Amino acid sequence: MISRRNIRVKVMQTLYTIETVEDQKDKARRLLDKHLEQSRQLFVYLLHYLTEVARYAEQDAHHRSSKHLPTAEDLNVNIKIAGNEIVWKLWDDPSY
């Protein structure tokens, strides 16, 4: 999701570019589209990073608990991020 603040910043950057360069409006629109696409790609990357951290936490907890002589700390690993509802919805989404 792209925040309003992010959109506002990109629009202001584009307007500044229009005023300083005084090029065609089509070029400014393409520049704004490029900035918004970069923001979207960054958001998708952050979602992917979040799911990978959750996946690692789950694998690490399983690995620790399957040791031959696990300690109490190995048996009680905090995996709250792996049980997060949003992460599960992302994993279950077919477009992800």
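I want to confirm something. Restricting to the stretch 40-96 and keeping residues that are modelled with pLDDT under 85 and small (Gly, Ala, Ser), which single residue is nearest to Ile7 (Cα to Cα)?
The residue in question is Ser95.
So which residues in the stretch 1-31 are among the aliphatic types (A, V, I, L, M), closer than 28 Å to Leu90 by Cβ and either at pLDDT 85 or above or in a helix (DSSP H, G or I) (or both)?
Scanning the stretch 1-31 gives Ile7, Val9.
The values are calculated or read from the model by the stated rules, or taken from the named source; none is laboratory data. Quantities reported herein were computed from a predicted structural model and do not represent experimental measurements. Because the Cβ atoms are built from the backbone with ideal geometry, glycine has one as well, and the counts that use them run over all protein chains shown.
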